[in-house]
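First up is the structure itself, then whatever we jot down about it.
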Amino acid sequence: MKKIFFLLLFIGAVSFNAFLPSGSSATANGPLPTVIITRPPAAVVIPGTRYVYFLPDFDSYILFYHGNWYRPYSASWFRSKGYNGPWERAREVPAPIRDLPADFRNIEPGRERIPYRSLKKHWREWESSGYWEEKARKGRLKEKKAGKKAVKEAPKPSD
């Protein structure tokens, strides 16, 4: 009788697990919602962070930092090696992820979107070389020069 009880208990547990979305982790408040990304996503570096990137084209917060993807859900953080999962509860959340500015999703028009393949291939060298800071500095210098040139070329008011 005990064998039948445990067999039924095992079958029930396996059956329940079949209803969870694949690649999800069960939490105290239910399974992590599945986000299906059908093609490699473009990312945007979050200004003022230590090279945290996010996917701007999704309602869910999906972040990339140091080779891992992070998602918050139900007061917990989940981590994955791939942007589509499988997701597991993160034991530790890096400070740059925890300390994101509240408005990090507000990006100015024209912000560079980084193709997934470039991010995957270059994130280490970009971080070690200060690539994004240098690019931002060059952009500010270019804007400053363009502003001075516009002032010089402005038509003089006529009497």
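What follows is calculated from the coordinates using simple rules that are stated; it is not laboratory data. Note that the structure is a prediction, hence the values are computed from the model and not measured.
Reported value for the range 48-104: 90 Å³ per residue, from the convex hull of its C-alpha atoms. Bridgeable aspartates and glutamates around Lys120 (alpha carbons under 12 Å apart, same-chain partners fewer than 8 residues away excluded) are absent. Working note: Cα gyration tensor of the range 23-120, eigenvalues times five, square-rooted, sorted largest first, giving semi-axes of 22, 15, 12 Å.
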